[in-house]
Amino acid sequence: MLKYLNSRRNAAALMSVLSASTALMAQQVAAAPGEKPSLFYTDTTFVIVLLLCLLFFVIAYFLYRVKSHLDKMIDENVEGGRELSRYDKVVKPWLKTLNPTVTALLLGTIFGLFAFVKAYKFGITEVGVQKGYSPTQPIKFSHAMHAGKLQVDCKYCHSTAEKSKQASIPSANTCMNCHKYITLRDRYNGQVSPEISKIYKAIGWDAETNTYIPNYKQKPIEWIRIHNLPDLAYFNHSQHVVVGKVVCQTCHGPIQEMDQVYQFSSLQMNWCINCHKERSVDVANNKYYESLHKRLKIQGKTVYTVAENGGLECGKCHY
Amino acid sequence: MEQNNQYWKGIEEAEKQPEFLQTRGNEFHEALPLEEVLNATDLDLSSNRRDFLKFFGFSVSAVALAACQKTPVKYAIPYVVKPQNITPGNANYYASTCGGCNSGCGILVKTREGRPIKLDGNDLSPLSKGATCATGQASILSLYDINRLANPLKEGKEEKEWSKLDSEITSKLANIASANGGIRIVTKTSNSPSFDKALIAFKTKYPTTEVVVYDPISYSGILLANEKSFGKRVIPSYNFDKAEVIVSFGADFLGTWISPVEFTKQWVTNRNPKGGKLSKHYQFESTLSLTGTNADIRVPMRESKEGIYLISLYNEIAKLAGTAQLAVSQNAELAGNAIKNSAKELFAAKGKSLVVSKSNNLNNQTLVNGINIMLGNYGTTIDLENYSNQSKFVEADFEKFVNDLSSGAVKGVIFINSNPVYSYHNSSKLVEGLKKANLVISTSDQNDETSDLAGYVCPDNHFLESWGDAEPKLGVYSFTQPTIAPVFNTRQAIESILLWSGTPAVEANAYNYIKTNWAADATIWNNAIHDGIYLKPASIVSVPSFAANLIDVASAIVTDAPKSDTSELIIYQKVGVRDGSQANNPWLHEVPDPISKVCYDNYVSVSKTEAQSKGLKQDDLINISAGGYTIKNIPVLIQPGQAAGTYAIALGYGRTQSGKVGKDLGKNAYPFLKIANGTTSYSNGGVSIETTGDTYKLAQTQTHHTIEGRDYIREASLDEYNKNPFVRNENKADLVSLWQEYDYSTGHKWGMAIDLNACTGCGACVVSCHIENNVPVVGRDEVRLRREMHWIRIDRYYSFYSPEAYLTKEDDIEKEKADIYDNIRVVHAPVMCQHCAHAPCETVCPVLATTHSSEGINQMTYNRCIGTKYCGNNCPYKVRRFNWFRYNDNDAFDYHFNNDLGKMVINPDVTVRTRGVMEKCSFCVQRIQAGKLSAKRDGRKMQDGDVKTACATACPSNAIVFGDMNDPNSEISKLYKNERSYHMLEEVGIKPSVVYMTKIRNVEPSKLTEKHS
């Protein structure tokens, strides 16, 4: 590959390969199934802005050429030339005093730095950050209805949040605890709600006879995962929910008001760190911290943050 | 710094060979071959401005393009119906029995979301008492072996329908039985009551059936000797824990002999000098074994002379006891005073001593029995009543079977998980015989040498997919339960046997069948499956009467002994690979042999003396012949401690039919075995060798990561220790620290203690760590380049034993005096990251990827690491490993990380590292975090033992202790204050969190002190 770069002709070939691969990649993105454009980032707006920029640039360029042509004509046809503008009198001679190389380098550096800072900021705040990500799920499950209006406890469905690393998405048999009976036939002309019947289809429930279909080939419901921590970070729900006594909404936002769930927090490391710096550990009510609590009392310390307890150390989450 | 030259890792170090001296200080084996790579593509390293801009532009655009890809859509797919006892994200443990060998150790299988990912020992097992060995640890990977048979085979072609096969097989069996043709079931030693019952059902249906027991490794010498001596054809239970004096003739009871985990657990109970006493362990052997390295006194001995040694020992003891000696002419002074001394000590410890022998010779074993009877060891250290069922193989039965097969008397053969075509010494005769049979069935789960010749292959489940019961010792029942549904279309062998005997399918189901067998008492079954163990009260031990005539035995020994000292070839088992049945398991090949530190190959071990006289050098390829069989092109390894005039080759290699890892790896030594006096002989006289002129570089790790002769190991004799428990530890380094001390008072301070006196070097910790921490397998070529990835390694140090050698400075060692290498001592030192308080690695990392935690852990953050390797360079223990390649999803590393099945063994709590990062021991931080969390969740204080690292749980000798040093009552806090505890390289002032404990040998002090004084 490197060898190819050595000749100019091959560089051109390489460019075409690169563009072809970009196109391929773009196709791949388009082919990703079941995905809806999210709130924060769409391809179309980006392309339209790009095209508009190009258009304005072309118009400006043409106007400039027209103007300079007219200026030239005035200079040739009118005696004594046209009246010199302030630009011609002051700026132009000054510009001529500048060394073109130095100026170009200076401007280039300033522009480059500016672009770099912008790109860096974009890189760390936008790339891979899915805040606001709200894909359409295979079943139009409404948290606003279940958790908000009906006041079903979060942990009824996300039952392992207090026990395990994962809060876990409920299995279909958990849904069936209620939806054996709740079919919403009254709203769908005597038919089972199409969304509820998706559960029945997954688990094999015959809504007419109210029985499970024997030997049914069950198919799991493929929910789209919204909160994607990278594999290099270890997060444990039970640590935060039970030990840290953090309520679900702290990280997941007003979930009881969401019809379609979106990612509320950025899930970036600084978001984790900030919380660890602010929140205090409840050392008084957990026997695990008994000796620590005693010592803190002697020191007269009342607030003991997660960070002070080692919550900022790399090896607490990355291993 | 004073250079302590007492210890050396290999002959190249002892002799200070120039090549070794040149490379030992290098961080890497060789300079990076950058020039070479670039020259290969006609590029030189110099580049002009234009090139630079091109590369720059190319990289920028490539990065930009790569960044354009959007985050892929991920799914979260829950169960449809969640099994009640599974909590996603939490592990479940099931008690079961290890199937790595026939010892029947109890295990706990750790499963995550229904897939087994780790084996730990079961504390309730009276045999293994919570420990495991390297072979057992690694056996979990055989479950996820992509080379397992996915379907049954008929004439080599896949046949998915079991029912079709069953009807064909049953009709063929019925035909054979009705025509009065013989049917044989060849099975490895079975100690399962249910399986034995199933065999009876089969015999009832087909009356011409006989069951033939076949094991690749034979202990028939012991079985037959006990029959001759006591009328009981059994292997007794040995109690090494009750023995104050142990004399072993070649028996590698800590490594490979009968039940090594059980024996290690027992042996180590008398190896703590705290009470001022240690057991005394003599080892007479020809090839340096794991047990030999741990003996107090190890005497090199030609294996053919063993009988003579035993007679001398008998006579010496008889002299002391005042009983009749065996009148034998050949009773010379052997091995200096070792026999005399051991006899004296054995006699002094009458009833609390033990003599064991590896020999498979009936006469030798009878004489061993005679010695033990004379010493009154029966009923104390040897228990014939509660005997072992771990091996029942007697050659005569199998020889008869092979003869019957050749004569055409046997028409149907069923091989139950046994592979004699590979491991039988006269394989070609067996293969010819099998051609005469009408029906050959194998239940092997891989296409091995035997199943390759079978008309039907009905693959058995892996033991982690099976139900089972076993009685490895009389009255000790160990249960097996499945921890995963069968991965492939396989069926348990017991089920196949039952179905072929006409048992209805429901009854033949392994679970139903075994449960019914235990139905007499319903409470037994549920508890037994929960605990994995069910114990019947032990029989009362009595002293048996000895019936053998030792005079005849002795004269037979003298007659059989070789008259002249010709060179002899010893065939032995290696720790890990053992008999070769798990040859396709990359973990077993990647872990270095505990003695030679060679990975991936077998070789001829040669003593330095022999090598010099024959002009052999390390890595020479030779052809070696003995007893009419020749192995061509096998590399030479010069092994210190090898008895002069002996060669040794390990079994378990040279598989011609195995998976991608095991196939054609090393050379097969089974054909060297021969039957002598009815039992398999593991030594062969009249060896001839010829050099080929070629060489083959063995992947040997022994001098990788060498610490340049610094004072690493401390050892003393028991007498010295009793006079001064601080011996060798008196002068603690007086340290002035330039660094600020860390405050560890907030929570925990983790620490580890490693008892050099207990560590046998078996390698269980290495494999356990490998599994727990997703350490990649790198393969032979990478090991040659010192790129093995093990987070924990066991350094094996030699030192000279003979007093003359002690008085010689290492620099003055005369290379001509090769025989000083025959007598050596060994220390095993496991080394992992020492988690220094003032870690040198932390201060040099330019990106803060390695940092210190408030709990004393030296943390490694892979996602920060940019791979400068400064930390590895600055680490005095050389425990940091650089990850050179993307080992997962990479077909250049074709082991288990590149296929979906093999990846199922990955521990989901530990990151799979990518290339270009440093990695190292984390003190199993995932286990620490899990242990802390469960205490916090329950709102309780942490208990000692809540957190154990993977190495500590696996260790069969309790040599590794892990715990919280802020807890004054924890075992680790106590060990930290122990007189024997010291830090490796404490003079450097880096304050490691790991302490080592001085090795105390039960030997006369003079031999250890001369060097130091």
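For residue B:473, the amide hydrogen comes within under 5 Å of the amide hydrogens of B:389, counting only partners 5 or more places away or on other chains and with H modelled in the peptide plane.
Give me Rg over Rh for chain B, both radii from the alpha carbons and Rh done the Kirkwood way, two decimal places. Present the calculation step by step, with values, prior to reporting the outcome.
Numbers: Rg = 29.0 Å, Rh = 30.2 Å.
Here Rg/Rh amounts to 0.96.
Fully extending the segment from residue B:52 to residue B:429 would add 128.8 nm, taking 0.36 nm per residue of separation and subtracting the current Cα-Cα distance.
At the listed q of 0.19, 0.24, 0.26 Å⁻¹, the Debye profile of the stretch A:187-274, built from one uniform point per Cα, gives log10 I(q)/I(0) equal to -0.97, -1.23, -1.36. Of the residues B:599, B:624, B:677, the one whose Cα sits farthest toward the positive end of the charge dipole of the stretch B:590-690, with +1 on the Cβ of Lys and Arg and -1 on the Cβ of Asp and Glu, is B:677.
Listed values for the stretch B:508-519 are Karplus-derived 3J(HN,Hα) couplings in whole Hz (6.51 cos²θ - 1.76 cosθ + 1.60, θ = phi - 60°), namely 6, 3, 3, 4, 4, 5, 5, 4, 4, 5, 9, 6, and x replaces Gly and Pro.
Can you work out D for the stretch B:227-297 in µm² s⁻¹ from Stokes-Einstein, where Rh is the Kirkwood radius over C-alpha pairs, the temperature is 25 °C and the viscosity is 0.890 mPa s?
On the way: Rh = 13.0 Å.
Approximately 189 µm²/s, per Stokes-Einstein.
Residues whose amide H falls under 5 Å from that of residue B:676, counting only those 5 or more places apart or on a different chain, are B:681, with hydrogens built in the peptide plane. Computed 3J(HN,Hα) for the stretch A:197-202, one whole-Hz value per residue from the Karplus formula 6.51 cos²θ - 1.76 cosθ + 1.60 where θ = phi - 60°, is 5, 5, 5, 4, 5, 5, glycine and proline marked x. Taking the charge dipole of the protein assembly as shown about its Cα centre, with +1 at Lys and Arg Cβ atoms and -1 at Asp and Glu Cβ atoms, the residue from A:156, B:341, B:868 reaching farthest to the positive side is A:156.
Taking every Cα-Cα distance in the stretch A:113-245 and sorting them into 5 Å bins starting at zero, the pair-distance distribution P(r) comes out as 2, 8, 13, 16, 16, 14, 10, 7, 6, 3, 2, 1, 1, 0, 0 percent.
Suppose we look only past 29 Å in the calculated P(r) of the stretch B:220-388. What percent of the Cα-Cα pairs does that tail hold? That tail contains 10 percent of the Cα-Cα pairs.
Couplings 3J(HN,Hα) of the stretch B:399-412, computed from phi: 4, 4, 4, 5, 5, 4, 5, 5, 7, x, 6, 9, 10, x Hz, in residue order, whole Hz [Karplus 6.51 cos²θ - 1.76 cosθ + 1.60, θ = phi - 60°; x for Gly and Pro].
Based on the Cβ-Cβ distance from residue B:731 to residue B:864, what FRET efficiency comes out when R0 is 41 Å, to the nearest 0.05? Given R0 = 41 Å and the Cβ-Cβ separation, E is 0.55. Available extension along the chain between residue A:113 and residue A:206 is 26.9 nm, counting 0.36 nm per residue and deducting the alpha carbon span. Computed across the stretch A:155-219, the Kirkwood hydrodynamic radius from all distinct Cα-Cα pairs reaches 13.0 Å.
Can you give the calculated 222 nm mean residue ellipticity of the protein assembly as shown, where each DSSP H run of n ≥ 4 adds -39,500 (n - 2.57) and the sum is split over every residue, rounded to the nearest 500 deg cm²/dmol?
Working: 44 runs with 426 residues, N = 1332.
That calculation yields -9500 deg cm²/dmol at 222 nm.
Cross-link partners for residue A:149 among the lysines, with Cα-Cα distance under 21 Å and sequence neighbours closer than 8 places in the same chain left out: A:140, A:180. Mind checking which lysines have their C-alpha under 25 Å from residue A:96, skipping anything on the same chain fewer than 8 residues away? Cα-Cα hits under 25 Å: A:67, A:72. In this structure the amide hydrogen of residue B:184, modeled in the peptide plane, comes within under 5 Å of the amide hydrogens of B:210, B:412, B:413, B:414, none closer than 5 places in sequence on its chain.
Specify the angular offset, from 0 to 90 degrees and rounded to the nearest 10, of the alpha carbon long axis of helix A:269-278 from the longest principal axis of the alpha carbons in chain A. With rounding to tens, the tilt is 60 degrees. For the residue pairs B:9/B:663; B:197/B:228; B:154/B:203; B:242/B:350; B:228/B:344; B:344/B:574, alpha carbon separations beyond 22 Å are given by B:9/B:663; B:197/B:228; B:154/B:203; B:228/B:344; B:344/B:574.
I need the semi-axes of the equivalent ellipsoid of the stretch B:156-302: take the C-alpha gyration tensor, multiply each eigenvalue by 5, square-root it, list largest first in whole angstrom. Show your work: numbers first, answer last.
Details: eigenvalues 421, 59, 45 Å².
Output for the stretch B:156-302: semi-axes of 46, 17, 15 Å.
Using every pair of separate Cα atoms, the Kirkwood estimate puts the hydrodynamic radius of the stretch A:70-126 at 14.9 angstrom.
Kirkwood hydrodynamic radius for the protein assembly as shown: how many Å is it when counted over pairs of different Cα atoms? It would help to have the intermediate numbers written out before the result.
Numbers: mean 1/r = 0.0282 Å⁻¹.
One decimal place: 35.5 Å for the Kirkwood radius.
For the stretch A:247-319, GluC sites (Glu not before Pro) meeting the loop criterion (DSSP other than H, G, I, E, B) and having at most 11 other Cβ atoms within 10 Å: none.
I need the chymotrypsin sites (Phe, Trp or Tyr not before Pro) found in the stretch A:223-287, filtered to DSSP loop residues with at most 14 other beta carbons within 10 Å of theirs.
The qualifying sites are A:235.
Loop-only GluC sites (Glu not before Pro) in the stretch A:61-157, please: DSSP not H, G, I, E or B, and at most 10 other Cβ atoms within 10 Å.
Details: sites: A:76, A:79, A:83, A:126; in loops: A:79, A:83, A:126.
Answer in residue order: A:79, A:83.
Quick note: the coordinates plus some simple rules give every number you see, no bench work behind them. Small disclaimer: the values here were computed from a predicted structure and weren't measured. With ideal geometry, Cβ positions are generated from the backbone for all residues, glycine too; neighbour counts draw on all protein chains shown.
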